[in-house]
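Report on the following structure.
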Amino acid sequence: MRKGQLFNSNICQILSKMGHTDQIAIGDAGLPIPDSTLRIDLALTYGIPSFMQVFESLSQDMQIEKVILASEIIDKNPAIHAQIVKRLKEIENIQKNSIDIIYLTHEQLKLQTQHCKAVIRTGECSPFANIILQSGVIF
């Protein structure tokens, strides 16, 4: 049995196949997922699991060099935005490297999900709670 934090076999498989600059997304319950992109559906009901629960768990098992957020999150969901930024600072301290934050429009972020290895759907029901994580290298 794995010792890592993640148990979901689909997520573990995607992470193990990711290389430098590959991307994976975590989305709220309403994020449209392209038919061509693998959907890993964790949504159970409203708010379960939350966006932050999934982001915090995934970020423990992934080397992150860049994140992409919708610029609308700053004004439309400042609480989640603040939690993301706080978590990214914690990750930077653990990884000993900086993480670039890129802001795109929500429409551009949705288009970018076409290039992700997978989109993880959460039960989050707050606006613009979506993130794309770009893989770094561990050496």
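The table below gives the values:
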item: Alpha-carbon centroids, the stretch 1-58 and the stretch 72-98: separation in whole Å; result: 18
item: Reachable aspartates and glutamates from residue 86, criterion Cα separation under 13 angstrom, eight or more residues apart if same chain; result: 56
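Each value in this text was obtained by applying a stated rule to the coordinates, not by laboratory testing. Remember, predicted model here, so these are calculated numbers, not experimental data.
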